[in-house]
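> Mind having a look at this structure? Questions to follow.
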Amino acid sequence: MRQLLFVTVFFCYLVPSTLCSNLGCLYRPLMENDIKFQPLATECPRNEVCYKAEGRYGTQIGLSSSGCMTSKVCGQKRDVFYRGAVYTLSYSCCNWAYCNACGGLFANTFVIIIVTLVTVAEVVGR
């Protein structure tokens, strides 16, 4: 049973990330922070990275978004109009799988990694 679990974990989680050169990120459209939205997993085109953006109106952080973008925009700030107000969006980027995840989604990824490591340790230990 443990060997079947190892094979499943290996082929479902490790092989695709090593065979594909496209980066997996989470997508959330530009929207107000208090709106509940479950981010969507997406695959970035080649030469793009994951990003998170925060939109400020004065000193308040009121907007956010995440997804894929070219690295040229990373670290920059841009003004956007949203519902009649001008917000300043600040972009931060990262380049590993689902690195733009929020805490809850990162916790799920962490569990997958732990299960994978324990499974590998069990199989190798035999």
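The values are calculated or read from the model by the stated rules, or taken from the named source; none is laboratory data. None of the values given here were measured: they were computed from a predicted structure. In this analysis, Cβ positions are derived from the backbone assuming ideal geometry, glycine residues included, and neighbour counts consider all displayed protein chains. We work out accessible area using only protein heavy atoms, side chains counted, and drop any ligands, DNA or RNA first. Shrake-Rupley method; radii C 1.70, N 1.55, O 1.52, S 1.80 Å.
> How large is ³J(HN,Hα), in whole Hz, for each residue of segment 87-101 in order, when computed from phi with the Karplus curve 6.51 cos²θ - 1.76 cosθ + 1.60 and θ = phi - 60°, using x for Gly and Pro?
Once θ is set to phi - 60°, the couplings for segment 87-101 become 10, 9, 8, 10, 9, 10, 10, 8, 9, 10, 4, 6, 6, 9, 6 Hz.
> Using only protein heavy atoms and a 1.4 Å probe, report how much of residue 116 is accessible, in Å² to the nearest 10.
10
> Given H placed 1.01 Å from N in the peptide plane, which residues other than close sequence neighbours of residue 23 have an amide H under 5 Å from its amide H?
Result for residue 23 returns 44.
> Please enumerate, by chain and number, the aspartates and glutamates with C-alpha under 18 Å from the C-alpha of residue 36, excluding those fewer than 8 residues away in the same chain.
Within the straight-line cut-off, residue 36 pairs with 54.
> Hey, another quick one. Arranged from highest to lowest average of other beta-carbon atoms within 10 Å per residue, in what order do the peptides 28-35, 43-50 appear?
Top to bottom by mean Cβ count within 10 Å: 43-50, 28-35.
> Expressed as cubic angstrom per residue, what is the convex hull volume of the alpha carbon set of segment 41-82?
So the per-residue hull volume is 85 Å³.
> For the pair residue 92 and residue 60, how long in nm is the line joining their label points, each one 7 Å along Cα→Cβ?
2.2
> May I ask you to derive the FRET efficiency for residue 47 and residue 126 from their Cβ-Cβ distance with R0 = 41 Å, giving the value to the nearest 0.05?
My answer for the efficiency is 0.45.
> Counting only protein heavy atoms, what percent of the accessible surface of segment 21-88 is carbon or sulfur at a 1.4 Å probe?
On the way: 2170 of 4430 Å².
Its accessible area is 49 percent carbon and sulfur atoms.
> Determine, from the Cβ-Cβ distance of residue 70 and residue 37 and an R0 of 30 Å, the FRET efficiency 1/(1 + (r/R0)^6), rounded to the nearest 0.05.
My answer for the efficiency is 0.80.
> Could you compute how much accessible surface residue 86 exposes when probed at 1.4 Å, giving the result in Å² to the nearest 10?
60
> Quick one: how many Å² of residue 122 are accessible to a 1.4 Å probe, rounded to 10?
Accessible area, nearest 10 Å²: 80 Å².
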